Structures are given as C-alpha cells and as structure tokens.
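Inspection log for the structure reproduced underneath, given as structure tokens.
The values are calculated or read from the model by the stated rules, or taken from the named source; none is laboratory data. The shown structure was predicted, so the numbers you read here are calculated from the model rather than taken from an experiment. Virtual Cβ from ideal backbone geometry, glycine too; neighbours counted across all protein chains shown. We work out accessible area using only protein heavy atoms, side chains counted, and drop any ligands, DNA or RNA first. Shrake-Rupley method; radii C 1.70, N 1.55, O 1.52, S 1.80 Å.
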Amino acid sequence: MSLIDDVREAVLAIPAGSVASYGDIGRRIGVGPRQVGRAMSLLGGNVPWWRVVHADGTPSTCHDGQAPELLGGESTPMRGTRVDMQRARHRWTP
C-alpha cells in the first residue's frame, strides 16, 4: 500500500465524535506528521478529513473552515474552539 492508502485507511477508522492528530496517524503508520498532512491534501473530500486535527486540538482550516461545524455535528468534545484531546482522541486497537 502507498502512504496515501495508509493515511486513508487510518482516517476512515476514526469514528464520528473522535479525532486523531497528524502525529497520531503518523505514529500509527510509521511516518512524520508533515507527511500525513501532505497525504491528507491529496485525499480529497471523500474521507472524514475534519477528524484529523493539530496536536493541540485545533481543527483544520481547509475546506473553507468547515471543520468546527462538522465536529460539532458529530458531538465531538470541545474545549472552546479546540477539540478536547483527552476525551476525543481515537486509539486504534492493535
């Protein structure tokens, strides 16, 4: 599988109401967060891109800033304008 396929698979595994950081996904598939970000930019809108956030819980600003609204629609735990990473972080099962 390619890097893009690995990132796609990881993002698709994040359930509604949960998130993962670029670094979380990178650790899952063995690459750095910047590589994850680059692969995310090539995925298009057919994956739940809004469930991938910065390490501090800041939502992505791409797609005209729709991430906060989409996260809210999934009842993702928030702390102000950021995702509450302690409550919302997805943990993959081995």
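The table that follows gives values for the structure above.
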read-out: Selection from region 77-94 of residues that are surrounded by fewer than 16 Cβ atoms within 10 Å (Cβ to Cβ) and of a type outside the set (Lys, Arg); value: Gly80, Thr81, Asp84, Gln86, Trp92, Thr93, Pro94
read-out: Some residue of region 57-80 being aliphatic (A, V, I, L, M) and more than 22 Å from Glu9 (Cβ to Cβ); value: yes
read-out: Selection within region 1-14 - β-branched (Val, Ile, Thr) and open to solvent by 10 Å² or more (accessible area, probe 1.4 Å); value: Ile4
read-out: Pair list, Cβ under 7 Å, 6 or more apart: region 34-61 residue within 12 Å of Leu3 (Cβ to Cβ), other residue assigned to a helix (DSSP H, G or I) and open to solvent by 50 Å² or more (accessible area, probe 1.4 Å); value: Gln35/Leu3; Ala39/Leu3; Ala39/Ile4; Leu42/Ile4; Leu43/Ile4; Leu43/Arg8
read-out: Criterion (closer than 24 Å to Gln86 by Cβ, surrounded by fewer than 16 Cβ atoms within 10 Å (Cβ to Cβ) and modelled with pLDDT of 95 or more) met by exactly one of Gly30, Gly26, Gly17; value: Gly17
read-out: Selected residue (criterion: farthest from Ala88 (Cα to Cα)) from residues of region 33-76 that are of a type in the set (A, V, I, L, M) and open to solvent by 40 Å² or more (accessible area, probe 1.4 Å); value: Leu42
